[in-house]
Amino acid sequence: MREPSDSRWFREVLGQYPTGVCVVTAVQADGSRAGFVVGSFTSVSLDPPLVAFFPDKRSTSWPKIESAGRFCVNILSSDQEYLCRQFASKAEDKFEGVAVRAAGSGSPIIEDAVAWIDCDLESVQEAGDHYIVIGRVRELDIENPELPLLFFQGGYGRFAPLSMAASSGRGALAEQLRKVDLVRPAMESLAADLSARCIATAEVDGELVVLAGAGSPDAGARATLVGVHLPFAPPNGSALAAWYDEERLDQWLKSLPDDADRDEQRRRLERVRERGYSVGLLNEAQREFASALDRLAADPRSMETEDLRTLVTQLNYDPADLSADAKRAIRVIAVPVLAGAGEVELAFTLYGFSKPDNNGGIDAYVDRVRQAGRQATAALAGSPA
């Protein structure tokens, strides 16, 4: 064991913990702009809203930020490493060629940063060879749904969220999250085998909540859907509703306008139970829904609930005849995950997979998704779906 007084070893050990990369910007009294890179940004308090970062006492940029009395923290995206290097340099004008606009405080917001937090300087305290700078947040927003830039073990990179589970603060119950932990291996292997994305959803207080997600590196890194709330209305959530008792099923169907629509949806659910899975087919609403999900992953406020509900009702799920044309149009495959005496707990939904070469290919995809559902059901010690 080495002593913490060995500064090189201290940095190496602490380097095992990844940190985000931010650029703190400000405008001085004479109108000149200042900015520098920090890897020590953190939230401090919700009430009042406070954040902090820890500049080196030797920094020549920090005194410029301090004299301004306000600053903006810009969280860089994974493709903005060049900006990180530019603002970490000794360049005379670090803002050269950088697109910015003014925050409410006047501090520069860097275009295409992941997010920004505009602050007034609250306090500064000494802490060894650094300062502890606390800012009171004036405004903040998500600017760009890309993944953030990270610093880890002496190099820059990005976090690829191949598998994530929601926290209890994101609309999930502790018991549901415990069950999610048991089924995540089945999700992860499914996503890897089919080079796709898989999410686990459950009904929470009348909404469909994404409790976990897994993705293959081949499917690309995108903002996660974990924690997103979706309308639980026909046909969305068929892989859950098909195994509901009559009382819960009536609740799911009540958003449909008339008896004819409810009867048609019941026939679709019968097909789901007979087949053991649900499928969503490509149409214009499905394209719009996929785009909406990307926006919601970046900003849950990006779409009104009623607009999303209207879009959901236009999705094309579970046709009576899975013809060759219908199979070519399949873009979503969902299966139930059961527990206890056959009660449905979760649904696995696979999407983002490459188009199979032939109809037999999609049948193989369906079989693999059903296998994952059975593995997850077994993990929960339930009955086979």
Item to check | Förster radius 45 Å - calculated FRET efficiency between T19 and N283 (Cβ-Cβ, nearest 0.05) | outcome: 0.55
Item to check | Mean Cβ neighbour count within 10 Å, used as a protection proxy, ranking 232-238, 90-96, 140-146 highest first | outcome: 232-238, 140-146, 90-96
Checklist outcome for this item: From fewest to most C-beta neighbours within 10 Å, the residues W116, W62, W9 line up as W9, W62, W116
Next on the checklist: Quick check: pseudo-label points 7 Å beyond the Cα along Cα→Cβ at D294 and I132, how many nm apart are they?
Outcome noted: 4.2
Checklist outcome for this item: The base-10 log of I(q)/I(0) that the Debye equation returns for segment 7-158 at q = 0.12, 0.13, 0.21 Å⁻¹, one scatterer per C-alpha, is -0.47, -0.55, -1.53
Checklist entry - Along each of its three principal axes, how wide is the spread of alpha-carbon positions in segment 282-340, in whole angstrom units, largest first? => result 38, 38, 18
Checklist entry - Just the projected area, averaged over all directions, of the convex hull on the alpha carbon atoms of segment 243-351: how many nm²? => result 7.9
Checklist entry - FRET efficiency for T60 and M303, Cβ-Cβ distance as r, R0 = 41 Å, nearest 0.05? => result 0.35
Next on the checklist: One quarter of the convex hull surface, Cα atoms only: what value does that give for the chain in nm²?
Outcome noted: 23.2
Checklist outcome for this item: Computed, not fitted: 222 nm per-residue ellipticity of the chain from DSSP H runs ≥ 4 (each -39500 (n - 2.57)), nearest 500, equal to -9500 deg cm²/dmol
Checklist entry - Taking Rh as the Kirkwood radius, which is the inverse of the mean 1/r over Cα pairs, what is the Rg/Rh value for segment 163-379? => result 0.92
Checklist entry - When we measure straight from the Cα of K179, which aspartates and glutamates land under 12 angstrom away, once same-chain ones fewer than 8 places off are left out? => result E345
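A short reminder: the numbers here are calculations on the coordinates, not readings from a lab. Please read all numbers here as calculations on a predicted model, not as lab measurements. Note that each Cβ is placed from the backbone with ideal geometry, even for glycine, and that neighbours are counted across all protein chains shown.
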